[in-house]
Every structure is written in structure tokens, then in C-alpha cells.
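Participant: One structure is given below, represented as C-alpha cells, and several questions about it will come after.
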Amino acid sequence: MKSSEKDNFRQFLAQKALIADKQISYYLKWVSDCLVFHKKSGPEISGPERLAFLEHLSHSHPNWQVKQADQSLRLYELFLKGGGGETINTGPARSGDWDQWEARTVSALRSKHLALSTERTYLQWLKDFRRRYNRANADSLTAEHLRGYLGYLALERRVSATTQNQALNALVFAYRHGLGKKIAPHELDAVRADRRRLPVVLSRPEIQAIFRHLDGVHLLLVRLIYGCGLRLHEALTLRIKDLDLAQRQLIVRAGKGDKDRRTVLPETLMDDLVGQQDAARQIYDADRKQGLPGVALPEALARKYPNAAGEWPWFWLFPAPALSVDPRSLTVRRHHLHPVGLQKAFKLAVERSGVTKPASIHTLRHSFATHLLERGTDIRTVQELLGHANLQTTMIYTHVARPDIMKIKSPLDE
């Protein structure tokens, strides 16, 4: 790889792919090694050549390094498409270049520090949109295409209003940050899904019945989710510093909408949470003795406090028992518990408890809000505890928590 080409690719990795500075040298090395492996003087690397090189690496390198090399070569291919190996194209996506549109959307998502789950969801909608309009050039897409897609979701696929809104948010983001096109609200006068359903809410006896079929860290997590009104991701990503046992408060960092909030911490969980801290401390101490990389931090914090990732306050309250590969940086480190394990345990507990409602872990959050309203808690307070930006979102629980309806006697009983 020529010196000028290497400098441009380095700039591409830092500014467009948002690769951490300490990782860039490895990405450059994988591309150079691939060119040497194939004894090539030119910059292009074909798909078969990439696969042959990765197959070669797999015999002598761990899986995470093979994945890093694969990502490096794919980014290099995108770099060559965007600038011919000479400069980096920072303008809108070229005619028909859906891949570049997707790459720019990913870069924007990561520059705004949105959650990995949000990134994956947005890309799923963009890929689905692509399947419907793949014959059109990416830069020729207009609000009319988006309006037609929203109508298709409502009329043909019969999605819920929530699902349609999720698709709308994803594609408006992709239009704006991937194509440089702002879509005004009046341009989206499409057929909107109108099937809003009341949330499923469990009674207190039903919740207790489910709890009896859980134990250990799974029981502590579901009790914490119900007792604090947390989302699943918010509970799993709690850090040691987020617990304020003295004030009986829990701080949710970077919740939905990237907002922080405080919520109540049940007194009945104090002893269990102290025990969980002790268990996490043992894992933390073992990781430090092995010299493992610290936990993942938001990129801005990692730059501002380079040593924070290895410090105790930033460690996970619910660390995973095994190491895993960071899906973005490809660093092998300790992550928090994976949601699938808890979801499976909760589903089994619901089945064994005899509860017939279609309950999920998020049902516990619905139940938290409803039970507070039934006890007379002010709806503004419930809104704050849940972290809702719009009061109308919280108002849905008033349709479930209706003690006046419960007192009505059916005329059949008379």
C-alpha cells in the first residue's frame, strides 16, 4: 500500500468508520498483510482474495483476530469505492450506492453514541426498505418513497402503530444522515397504523407466582426491574456507581433517548444488592489480576478518562460469567449479562407459574407504573420515574389503572 493511500485510509478509519486510534494500526496491518499474501502491487482486493486470506488466518489466529481482519478488508473495500484509493468522498451517496448509504448511517449512529441495539434495529429497517426499492438509485429517493413504505407497513403488513413509528424514526435518520435529505413532517402524510393496544399488566399475586419460579441473579434482576420500573437493557447495563444505597436511589444512565434519571430503590433489595456487589467485586479483582481490558465505556468518556474502564465504580453490577468480543471494537473483555438468558428464564417461570397472560420482562415495567397509579401516585411522578419524554406515553397506564371501573357492578349480577 502506497504511503499516500495508507494516510487516506487511516483518515477514513478515524473519521468515517470511527475506529479507535489505538486500533487503527491493526486495521492497516491486516490490509497490508493481505496484499503481501497475494503478492499484489495494486490496491484492489477481490472478494475471493479476501476469503482466501481469512481462511489462511483461521489456521493460526484466534477467531476475534480473523473477525477484525475481515472488518478491516471490508472497510478497505468501502474506502476504495468511496474515493478510488486517493481521497475520501464526504458528499452524499453516489447513484445507486446503497452500501455507502448504509455505511454513512452506521457512522452517524456511532458518532451520536446510540446503543448497539438501536443501531441494529435501524439497519434492519434500512435493509427492509432497500428490498422494496432496490431498483431505485439511493440518491434519487424522496419523501414519496418513504410515504409509500409507511403505507405498505400499515395496509399490507398490518404492523402496529409502535412498529410503524420505529420504522419511520429509523428511515428519517437514515435519510438525513446518510443521504443528506431532511424530511419535513408534512411530507409524511401517509396511511398510519392505528392499532394501539393496552399494555399487559400483571397483578401482584401473579408477579409473586412468577418470582417463586426464579432464583439467583435472575430473581434479583426481575425484582429490580419491577421494583424500579426499569427497561431490560437499563437493568443489565447498571454499573457499581449507579447504586446509591444510602439515599435508596438508583441512577439510570443514558436510558432511552440518551437521558439520565433517578428512580426509587426498594428497601427489600438492599441486602441482595450488597451481595451482588460483592460477587461482582470478585470477578473484577480476577480480571485486574489477569490484566484484561476494562469494561466498555461511551467513546467520549473513554477518551476523557482513559483509565476509567479499569476502575471499580465503572464495573458492571451484573457482569457476564465469561469474556466475549466487543461487537464494535472487537476487543475481548468482560461484558454485562446477555439479555437472552434472563428472557428464557422469565418465560419458563411464567409457564410454570400458571399465569396465562402474554407476559414478558417488559410487562414488569408496565405493572410498576400501573400499580403506582392505583396507589394514588401522581402521574407526573410516574412519568419522571419511567423516564418518558411525553406525558401522553404515561397516560396509557391510566386506561389500565381504573379502580372506578373495578367497582362497577354488571347488570347481569342484579
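Participant: Please count how many residues of the stretch 37-57 are basic (Lys, Arg) and either in contact with a Leu (Cβ under 8 Å, 6 or more places away or on another chain) or within 14 Å of Asp70 (Cβ to Cβ) (or both). It would help to see each step written out before you state the result.
Facilitator: Residues of the stretch 37-57 that are basic (Lys, Arg), as a first pass: 39-40, 50.
Then keep just the ones that are either in contact with a Leu (Cβ under 8 Å, 6 or more places away or on another chain) or within 14 Å of Asp70 (Cβ to Cβ) (or both); that gives 50.
Within the stretch 37-57, residues that are basic (Lys, Arg) and either in contact with a Leu (Cβ under 8 Å, 6 or more places away or on another chain) or within 14 Å of Asp70 (Cβ to Cβ) (or both) number 1.
Participant: Quick check on the stretch 82-106: of everything there that is among the aliphatic types (A, V, I, L, M) and at pLDDT below 75, which residue is nearest to Arg231 (Cα to Cα)?
Facilitator: Among those that are among the aliphatic types (A, V, I, L, M) and at pLDDT below 75, it is Ala93.
Participant: Check whether at least one residue in the stretch 157-173 is in a helix (DSSP H, G or I) and farther than 24 Å from Lys259 by Cβ, and report yes or no. Outline the logic, then answer.
Facilitator: Step one: of the stretch 157-173, the residues in a helix (DSSP H, G or I) are 161-173.
Next, from what is left, pick out any that are farther than 24 Å from Lys259 by Cβ: none.
So far as the stretch 157-173 goes, no, none of its residues is in a helix (DSSP H, G or I) and farther than 24 Å from Lys259 by Cβ.
Participant: Hey, another quick one. Give the number of residues within the stretch 45-72 that are farther than 9 Å from Trp30 by Cβ and polar (S, T, N, Q).
Facilitator: Selection size over the stretch 45-72: 4.
Participant: If you don't mind, another one. Looking at this structure, is Leu230 part of a helix (DSSP H, G or I) and of a type outside the set (D, E, K, R)?
Facilitator: The answer is no for Leu230.
Here's the yes/no breakdown for (1) modelled with pLDDT of 85 or more; (2) part of a helix (DSSP H, G or I); (3) surrounded by 13 or more Cβ atoms within 10 Å (Cβ to Cβ):
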residue	(1), (2), (3)
Lys22	no, yes, no
Leu28	yes, yes, yes
Asp33	yes, yes, yes
Lys40	no, no, yes
Glu44	no, no, no
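Participant: Hey, another quick one. Would you pick out the residues in the stretch 233-242 that are of a type in the set (A, V, I, L, M, F, W, C) and surrounded by fewer than 20 Cβ atoms within 10 Å (Cβ to Cβ)?
Facilitator: Of everything in the stretch 233-242, just one residue is of a type in the set (A, V, I, L, M, F, W, C) and surrounded by fewer than 20 Cβ atoms within 10 Å (Cβ to Cβ), namely Ile240.
Participant: Now for a different question. Have a look at Leu123, Leu109 and point out the one that is in the same structural domain as Thr163 (by TED's automatic domain parsing), assigned to a helix (DSSP H, G or I), at pLDDT 85 or above and touching a Phe, Trp or Tyr at 6+ places or on another chain (Cβ under 9 Å).
Facilitator: Of the residues listed, the single one that is in the same structural domain as Thr163 (by TED's automatic domain parsing), assigned to a helix (DSSP H, G or I), at pLDDT 85 or above and touching a Phe, Trp or Tyr at 6+ places or on another chain (Cβ under 9 Å) is Leu109.
Participant: Something else about it: What are the pairs, 6+ residues apart or on separate chains, where a residue within the stretch 60-80 that is free of Cβ contacts under 8 Å to residues at least 24 places away in the same chain and assigned to a helix (DSSP H, G or I) has its Cβ under 7 Å from a residue that is of a type outside the set (A, V, I, L, M, F, W, C) and surrounded by fewer than 17 Cβ atoms within 10 Å (Cβ to Cβ)?
Facilitator: Val66/Ser58
Participant: Out of the stretch 275-320, which residues are within 19 Å of the chain's Cα centre (by Cα) and among the small types (Gly, Ala, Ser)?
Facilitator: Ala296, Ala300, Ala302, Ala320
Every residue, every condition in (1) more than 30 Å from Glu206 (Cα to Cα); (2) surrounded by 15 or more Cβ atoms within 10 Å (Cβ to Cβ); (3) of a type in the set (A, V, I, L, M); (4) in contact with a helix residue (DSSP H, G or I) (Cβ under 8 Å, 6 or more places away or on another chain), yes or no:
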| position | (1), (2), (3), (4) |
| --- | --- |
| Asp260 | yes, no, no, no |
| Arg288 | yes, no, no, yes |
| Val295 | yes, yes, yes, yes |
| Ala309 | yes, yes, yes, yes |
| Leu337 | no, yes, yes, yes |
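Participant: Before we move on, is Ala302 part of a loop (DSSP other than H, G, I, E, B), more than 27 Å from Leu214 (Cβ to Cβ) and out of contact with any His (no Cβ under 6 Å at 6 or more places or on another chain)?
Facilitator: no
Participant: Which of the numbered conditions does Leu198 fail, given that it passes all the others? Conditions: (1) in a helix (DSSP H, G or I); (2) surrounded by fewer than 14 Cβ atoms within 10 Å (Cβ to Cβ); (3) touching a residue at least 12 places away in the same chain (Cβ under 8 Å).
Facilitator: (1)
Participant: Name the pairs: first residue in the stretch 375-390 and crowded, with 19+ Cβ neighbours inside 10 Å, second residue of a type outside the set (A, V, I, L, M, F, W, C) and outside any helix (DSSP H, G or I), Cβ to Cβ under 7 Å, at least 6 apart or on different chains?
Facilitator: Sorted first by the residue in the stretch 375-390, then by its partner, the pairs are Leu385/Gly229; Leu385/Thr263; Leu386/Gly229; Gly387/Gly255; Gly387/Lys256; Gly387/Lys259; Gly387/Arg261.
Participant: Got a sec? Which helices (runs of 4 or more DSSP H) wholly within the stretch 328-401 have at least 1 residues that are under 21 Å from Lys256 (Cβ atoms) and either modelled with pLDDT of 90 or more or touching a Cys at 6+ places or on another chain (Cβ under 8 Å) (or both)?
Facilitator: Result: 339-353, 361-374, 379-386.
Okay, residues lined up against (1) in contact with a Ser or Thr (Cβ under 9 Å, 6 or more places away or on another chain); (2) closer than 26 Å to Leu114 by Cα; (3) among the β-branched types (Val, Ile, Thr):
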residue	(1), (2), (3)
Val222	no, yes, yes
Arg231	no, yes, no
Glu234	no, yes, no
Lys259	no, yes, no
Pro266	no, no, no
Leu273	no, no, no
Asp278	no, no, no
Arg281	no, no, no
Lys289	no, no, no
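The values are calculated or read from the model by the stated rules, or taken from the named source; none is laboratory data. Please read all numbers here as calculations on a predicted model, not as lab measurements. Neighbour counts run over all protein chains shown; Cβ positions are idealised from the backbone, glycine included.
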